[in-house]
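Peer 1: Attaching a single structure in C-alpha cells format; questions to follow.
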Amino acid sequence: MTATTTGTTTSTSTSTTSITSTLTITGTTTSTSTITETSTGTTTSTVTQTSTSTSTTTTSTSTTTTTISTTSTSTITASTTTTSTSTLTTTSTLTVTSTSTGTTTITSTTTTSTSTTTTITGTTTSTTSTSTGTTTSTSTSTTTTSTSTSTTSTSTITSTTTTSTSTITSTTVTSTSTITSTTTTSTSTHTSTTTTSTSTTTTTTATSTLTSTTTTKTTTTTSTSTTATSTITSTTTTSTSTTTMFAACLAPRDASRYKGFVVEEHDLRKFSFDVTVRCSAGYEGTPSATACTRDQESYSLTGCEPAKSCKSAGKSAGYVLTETDLTLSKFSVKAQCEEGYEGTPTVTACADDAEAYTVSGCEQVKVCLAPTTDAKPYVVTESVLKQKGFSVTAKCADGYFGTATVAVCTAHKAPYELSGCEPQRTCLGNADSTGYTILESNLIASKFSVTATCAKGYEGTATVTACVADMKPYSLSGCELAKVCLPPNAAESYIVTESDLKRSSFSVAAQCAKGYEGTAAVSVCAGHKAPYTLSGCEPIKTCLATADSAGYTIVESDLTVSKFSVTATCAKGYEGTPKVTACVEDMRPYTLSGCEPVKVCVAPTTDTTKPYIVTESDLTRSSFSVAVQCAKGYHGTAAVAVCGGHETPYTLSGCEPERNCVGPSATTEYSVVESNLLASKFSVTATCAKGYEGTPTVTVCAEDGKPYTLSGCEPVKTCLAHADAKGYAIDESDLTISKFSVTATCEKGYEGTATVKACAEDGAPYTISGCEPVKICLANPDAAGYTVVESDLSINKFSVTATCAKGYEGTTTVTVCAEDGKPYTLSGCEPVKTCLAHADAKGYTVVESDLTINKFSVTATCAKGYEGTTTVKACAEDGKPYTISGCEPVKICLANPDAAGYTVVEADLTMNKFSVTATCAKGYEGAPTVTACGGDGKPYTLSGCEPVKVCVASSDVTGYQVTETSLKMGSFDVAVQCAAGFEGTASATACTAHAQPYQLSGCVRAKVCVAPKDAAAYKVTEGNLQKSQFKVDVSCAAGYRQISAPTAVACEDDGQPYRLSGCSA
C-alpha cells in the first residue's frame, strides 16, 4: 500500500481462528497414524485512497482482496479403522480509518477454512485437500488539509508453509477425543507520516491433531521518514498433542487362590493402579495388592492367611487356666499354679494351627518328714517342712554338745537330716604336768576351760587340748626346759651388764673398758651353757709429735688415732698448703707436708729502668705486685713480668723514646689538617682533593724528624653514555666509575630485566643489556568446545585460562606459543559422552543422578520380590546403555506339611535369609534340626524329634520308699530308699523298652535285736536295735560296780537278744 498523507496513520488487524477436531478409534491391536499437511498461500492487497483537500473533509475508501490457496496432503498408515475430522476457521479483520487529525484505522477480515476427512481400513491412503479463501479489506480515510494528494497503496501478503505431523497409538481400547480450539485475536498497529508504505503480511496455517491449543496471529506495521515501509507479519502457533492408551489390569481370575481378601477396586489402570484390600473374617496378616506388569494381566493379592488357633489345653494337672483368645496372632492365656503346686507358670502358644499350647513352671509341693532314726541328742523346732522355704532349727539336747545342723531332704516325703551333737564327756587332769603352771576352771568337754603357762626354768607357748573320750586326761604341750648362756672367760676389754642369760630371752649389754675403743657387741650363745660372745673393742692407738716441724705452726688437740686432731699453718717465710697425716701404728709420729720457703724477685739494672717509673709493692713470686709507667720523654704501653726464679730480676717492657714527624713535600692530591705531629699523639687527617677520589690514609713517621706518608687518592675516572639505548628508559645519576649510578628499565613494547654495568676504563661507555621486543601469541582460531579468558598474550607473561564449554568435558590445557605471532594451543576438552538408560530394569529400583560417562552416577537396589547385590556399570561408548545386574527373584521355601512332633517359629522363609527354629512338641524329644529347602517353592525339612519313651512304676514296691521325678527313658530320674524295717543300698534301674516297669533292688528286711532278759545290773538306753545300725548306750546301774567298760554287743541274727557286759554286783 502506497499513500501520501499528512499526519499519523494507525492500522489494526484482528484475526480469529477456530479449530474443532474429533477422533474415534476402535480396534484390538496397535495402530499408528501419520498425517502430513503442507499449506502455501499468497495474499495481494490493493488500497486506493482519494483525498479532497482545501480545508475540507476527504473520505477515501480502499479495498484489499487477499486470496489464500491451501493444499493439504495426509498420509496415514494403520492396521485399524481411524476416523479423523478437523475443522479450522480463521477470521482476520483489518479496518483503516483516517480522520482529519491524521489518524487512519485499517480493519481487514480474512477467513480460511480447511476440512479433511480420511477413513482407513487396513491400507495406506493419501488424500489431498485444497481450500481457497478471499479476504476483503475496506479502508475509509478522512483527511482535512490545505493540500490533497491521491495515493494508491499496494500490500502483498505471503504465507509460509507449515508441516504438522501427528502420531496416534492405541491399544485395544475404544477412545473418542473432541478438540475445540480457542479464538485468537491479533492486533497490528501502523503509523505513517507523509509516507509511501509497503506492507507485507506472512500468514501461517497450523493443523492440530487430537488436541488443539490457542493459535495467536500478530500483525505489526511501522513506518518512519518521508518514505516509510510497513510490514505486517502474522504468526500462527502449531500445537501437536499425542494421546497414549495406557495398559489396564484385570481382577484375579483364580478367585479360590485369593480366598480371605475383601477387595475395593478404585482404578485398574497400571500407571495409576488403586486397589484397597483387607483380610476377611477368619483370616489375618498384612494384605497387599500389586499392579500387573503387562496389559490385561491380573493384579496380585498377598498377605492374608487363614487365622491359626491353638487347641485348648483343657484340664492340666497343677494349673488353673484362663483362656481369653486362642488365635496365634492374638494369643492370650493366663495360668496360675493349682493348690498343692508351686512355681512360676508360663504359657507358650502353639507353633502351628490346631496344635495344643503348652504350660510349664508349676511343680508339686515337696515336703520333708522328721527323721525316723533316734533324735534324742537334738531339740528340734519345725517351722516349714516344704523343700522350698525349708525352715527347721535344732540344738543339742542336755547331755550332748556340738553344733547342731539340719539338712533339707533330697526327695519328696524323705526325712531331713540332723548332725553335729555328741554325748557329753569329762576330762581328767594330766598326770605329767612338769614344766607347767595349770589353772583348771571346767573339765566338761563342751565347756572345757583349762589354762597353762610355762613354769619357772621352762620356756615356750603352753597349749592345753581337751580329751577326745570321756574320763580321759587332757593333754599339755609347748613348754621346754630353758637353755642359758654363760659369761666368756676373757672380758677385761669390756664393761658388761647381764639382764637375762636365757637363750630365748637373752639380754646382755656391753661397752668398751677404759683404754679401749670401738663399738661393743654381744652375741647369744650357740647352745645350752655355752659362753656368749663379746666383740668390737680394741686398745686405743696414740700418735707422737713429729721431730721435724720447721716451716710449720702446729696446734695438737687429740693425738689418738681414732680421734686424731692436729692442725698446721705455714710459718713466716714459708708458703704453700700445709697437711697433717695421722700415724698408722701406735706410738709413731704423725707427718707434716705442704710448706716451702718463700721465693722473691729483685729489681733490674738502672739502665733498664731509665725509660720507666716503677712502684714495688710485693716482690715475692707467689704474690708479686709491681706497678710501672713510661718516664718523661718516652711513650708506649709499660708492662712488668714476674721473675723466673728466686732472687732473679723481674722484666720491664713497652716504653720507647718520643719522636716528631714533619709534613710531606707533595700533597697535590690531598687536603690535609695537621693537629699533632708527635708520634705518640699523632693526629693528622686527609681528604681527596677536587678531581681526585679514593680512601685517603695518613701513616705516622718511623723516625724522628721524618715526614709522615699520604696514600689512597687517584684522579677521578668517568664513563660515557651508551650509544644505542633503544628499548630502554635510562636514569644517569653518577657516571664516575667509583660512584657509578645508572638505572634502566625496559620501555613499552620491550620486556626482560635491564642490566647496566660501569665502564672498565676512563672515557669508555657503560654497557646496558636485558630488554628484548615483547613476543606475543595470537588467539587460537579453533576454540570450539572451550570458554577462554585471555589476560596476557605475551610469551613471557602468558596468562590465558580456559574451561570446557557446555556440552564438553575434560581437563583443559592452554599451551603458550613457541614463536612470536603464532597462536597458542588448546587441548583437553571432548564432547560429553552420555549413557542411555538400561532397556530392561525389571527387578530394580534405579536412581539416575548423572548419565555422563565421566561423572556417571546411577544407583540401584533390588525391587520388592527381588534380592541380591546390585551392580551398575557405566557404558563404554557414547549413546550406549549402562548395564545393571545382581538382582534375582526371591526364592522362598514352603512350610513343611508334616510338622507333627515339632513346635516351629518361621522368622524368614527366603532361601538367602532362611530363619526357622523348631523345638520338640509336648510328648516328643530329641535335638530338632531345620534344613532349608533345596529349591524355590520346595518345603524345608524337619528332623530330630521322636515320641518320648517312658517307663511305668514297678508293681511291687514292698520295702522301698520311691520318689518319681522323671519316668522318661532318656532322662530317667527315680529316687529310692529302703522303707522302715528294711535295709541295704536301694537302687532304681530304668526300663529297656517303652511302657515297661523300672526295676527296684538292694533292700532286704532288717535284722532286729531284742533286749536281754537279765539286764538288772545295767542302765540301758536303746537308740536303734537294727543289727546293721545297732546303737545301745549302757552304764552300770546303781548298786553295781564297773569291772570293765560297760558294753552292749549286737545280736547275731534277727530276734536274738543283744549282749551286755562290764558291770557286776
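Peer 1: Criterion first (surrounded by 13 or more Cβ atoms within 10 Å (Cβ to Cβ), outside the structural domain of Thr648 (by TED's automatic domain parsing) and free of Cβ contacts under 8 Å to residues at least 24 places away in the same chain) does Glu498 satisfy it?
Peer 2: Against the criterion (surrounded by 13 or more Cβ atoms within 10 Å (Cβ to Cβ), outside the structural domain of Thr648 (by TED's automatic domain parsing) and free of Cβ contacts under 8 Å to residues at least 24 places away in the same chain), Glu498 qualifies.
Peer 1: Against the condition modelled with pLDDT under 90, farther than 14 Å from Tyr844 by Cα and not assigned by TED's automatic domain parsing to the domain that holds Thr919, how does Pro897 come out, does it pass?
Peer 2: Yes, satisfied.
Peer 1: Let me ask something additional. Filtering segment 893-925 down to residues that are outside any strand (DSSP E or B) and among the aliphatic types (A, V, I, L, M), which residue is farthest from Val948 (Cα to Cα)?
Peer 2: Met911
Peer 1: Something else now. Being over 25 Å from Ala907 (Cα atoms) and assigned to a strand (DSSP E or B) is true for just one of Val277, Val263, Val359. Which residue is that?
Peer 2: Val263
Peer 1: Could you check segment 804-849 and list, in sequence order, the residues that are free of Cβ contacts under 8 Å to residues at least 12 places away in the same chain and part of a strand (DSSP E or B)?
Peer 2: Glu848, Ser849
Peer 1: I've got another one for you. Would you check if there is a residue in segment 575-592 being surrounded by 13 or more Cβ atoms within 10 Å (Cβ to Cβ), among the basic types (Lys, Arg) and part of a loop (DSSP other than H, G, I, E, B)?
Peer 2: Within segment 575-592, one or more residues are surrounded by 13 or more Cβ atoms within 10 Å (Cβ to Cβ), among the basic types (Lys, Arg) and part of a loop (DSSP other than H, G, I, E, B).
Peer 1: If you don't mind, there's one more thing I want to ask. Does at least one position in segment 492-500 carry a residue that is touching a Cys at 6+ places or on another chain (Cβ under 6 Å), of a type in the set (A, V, I, L, M) and more than 17 Å from Glu459 (Cα to Cα)?
Peer 2: No: zero hits.
Peer 1: Within segment 566-619, count every residue that is under 21 Å from Cys543 (Cα atoms) and hydroxyl-bearing (Ser, Thr, Tyr).
Peer 2: The qualifying residues number 6.
Peer 1: Of everything in segment 631-654 that's touching a residue at least 40 places away in the same chain (Cβ under 8 Å) and in contact with a Lys or Arg (Cβ under 9 Å, 6 or more places away or on another chain), which residue is surrounded by the fewest Cβ atoms within 10 Å (Cβ to Cβ)?
Peer 2: Result: Gly645.
Peer 1: Checking Thr373 against (1) free of Cβ contacts under 8 Å to residues at least 60 places away in the same chain; (2) of a type outside the set (Gly, Ala, Ser); (3) not in a strand (DSSP E or B): exactly one of these is not met. Which one?
Peer 2: Of (1) free of Cβ contacts under 8 Å to residues at least 60 places away in the same chain; (2) of a type outside the set (Gly, Ala, Ser); (3) not in a strand (DSSP E or B), only one is false for Thr373: (1).
Peer 1: Hey, among Gly926, Gly843, which residue is at pLDDT below 95, surrounded by fewer than 17 Cβ atoms within 10 Å (Cβ to Cβ) and either among the polar types (S, T, N, Q) or out of contact with any Leu (no Cβ under 9 Å at 6 or more places or on another chain) (or both)?
Peer 2: Gly926
Peer 1: Within 21 Å of Ala370 (Cβ to Cβ), in contact with a Cys (Cβ under 6 Å, 6 or more places away or on another chain) and either part of a strand (DSSP E or B) or not assigned by TED's automatic domain parsing to the domain that holds Gly1023 (or both), is that true of Ala462?
Peer 2: So Ala462 does not fit the description; no.
Peer 1: Just for segment 611-622: of the residues that are part of a loop (DSSP other than H, G, I, E, B) and not aliphatic (A, V, I, L, M), which one is nearest to the chain's Cα centre (by Cα)?
Peer 2: Ser622
Peer 1: Residues to consider are Ala509, Ala530, Ala513, Ala545; find the one that is farther than 22 Å from Pro488 by Cβ and small (Gly, Ala, Ser).
Peer 2: The unique qualifying residue is Ala545.
Peer 1: Just the residues that are over 55 Å from the mean Cα position of the chain (by Cα), loosely packed, with under 15 Cβ neighbours inside 10 Å and either in a strand (DSSP E or B) or at positive phi (or both), please, taken from segment 317-341.
Peer 2: The one that is over 55 Å from the mean Cα position of the chain (by Cα), loosely packed, with under 15 Cβ neighbours inside 10 Å and either in a strand (DSSP E or B) or at positive phi (or both): Gly340.
Peer 1: Considering segment 787-818 alone, what residues qualify as being under 17 Å from Cys829 (Cβ atoms) and among the small types (Gly, Ala, Ser)?
Peer 2: Selection gives Ala802, Ala805, Gly807, Gly810.
Peer 1: Quickly run through segment 344-359 and pick out the residues that are crowded, with 16+ Cβ neighbours inside 10 Å and either within 48 Å of the chain's Cα centre (by Cα) or of a type in the set (Phe, Trp, Tyr) (or both).
Peer 2: Passing the criteria: Pro345, Val347, Ala349, Cys350, Ala351, Asp352, Tyr357, Thr358, Val359.
Peer 1: If Val628 meets every condition in (1) in contact with a Cys (Cβ under 8 Å, 6 or more places away or on another chain); (2) crowded, with 17+ Cβ neighbours inside 10 Å; (3) closer than 30 Å to Glu575 by Cβ apart from one, which number is that one?
Peer 2: For Val628, the failing item is (1).
Peer 1: Another one. If you check Thr834 against the conditions, is it under 24 Å from Gly810 (Cα atoms) and at pLDDT below 95?
Peer 2: Here the answer is yes, as Thr834 does meet what is asked.
The values are calculated or read from the model by the stated rules, or taken from the named source; none is laboratory data. Note that this is a predicted model, so its numbers are computed, not measured. Because the Cβ atoms are built from the backbone with ideal geometry, glycine has one as well, and the counts that use them run over all protein chains shown.
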